[in-house]
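J.: Once you've had a glance at the structure underneath, I'll fire off some questions.
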Amino acid sequence: MGLFRSPGKVYKPAAEVDLGPGSDEHYISPNVRAPRVAGLLVKFQAWVLETPVLGWIVLTVRKRDNLVYKLVSDAEIPEPPLFTATHTWRDIPEQNVRPTKPGLSPPERVQEAVGCLPARLPEPAAAAALADGPASGFRRWTVRDFHRAYSSGQTTPAMVARRFLAAVKECSDLEMGLFISCDAADVMRQAEDSTRRYQQGAPLSAMDGVLVAVKDELDCLPYPTTGKMMNSVREIK
């Protein structure tokens, strides 16, 4: 592995990993030491790394402390990579192409898109039969699934939002940082408004009440646009 390189992590083959309720397997949560640098500190660090000999030593220490090389780059995984999902999955064949009319409102454009979808998606078992494979029980919940559940009263946008916010808080407690920003009060306000519209039988569209993650490069109230350097080169209103 080299004089200054720590040995890589050796993982078990996936088939040998016990994920049952009595498993003694532990999730590896490394204490990665990667300091955040910005401004003049970045320039100074770049100068150090480009310095002969000294830069090589600093880079070697950084790689060792970072643990990414030990756990990922230099890791030994005694099995081939997984290029396709293990669960049964089949894409929905295209039904038709419907050009949208100019001047439609956002809810009307959503309805045009929904009209291109099949009336009902196959259940996991049916999808497995179509794909000649075993049923895995895995299913991606779609916008239509949420819309039907809201319309039937099986659940409400407010209930979904509460579960989502609880999951975000749990992940944040583990320092996973899945979201740059999440305004819980605003999410619940919108979810409660959506719940009332469904109760009144007047949702805005099939997207009403469906949670959507927005990339930080897009302007979206009440969050700041922080992608790249957009907030420093133009005013965000």
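J.: ³J(HN,Hα) across the stretch 32-48 via Karplus (A = 6.51, B = -1.76, C = 1.60, θ = phi - 60°), whole Hz, x for Gly/Pro?
T.: Whole-Hz 3J(HN,Hα) from phi for the stretch 32-48: 5, 9, 9, x, 7, 10, 7, x, 5, 5, 5, 4, 5, 5, 4, 5, 5.
J.: Mind checking the dipole of the stretch 14-73: about its Cα centre, +1 per Lys or Arg Cβ, -1 per Asp or Glu Cβ, Debye to the nearest 20? Write down the numbers at each step before the final one.
T.: Working: 7 positive and 6 negative charges, 118 e Å.
Approximately 560 debye in magnitude.
Read-outs: derived from the displayed coordinates by stated rules, not from any lab. Keep in mind it's a predicted model, so treat the numbers as computed, not measured. Cβ sites come from the backbone with ideal geometry, for glycine too, and all protein chains shown count toward neighbours.
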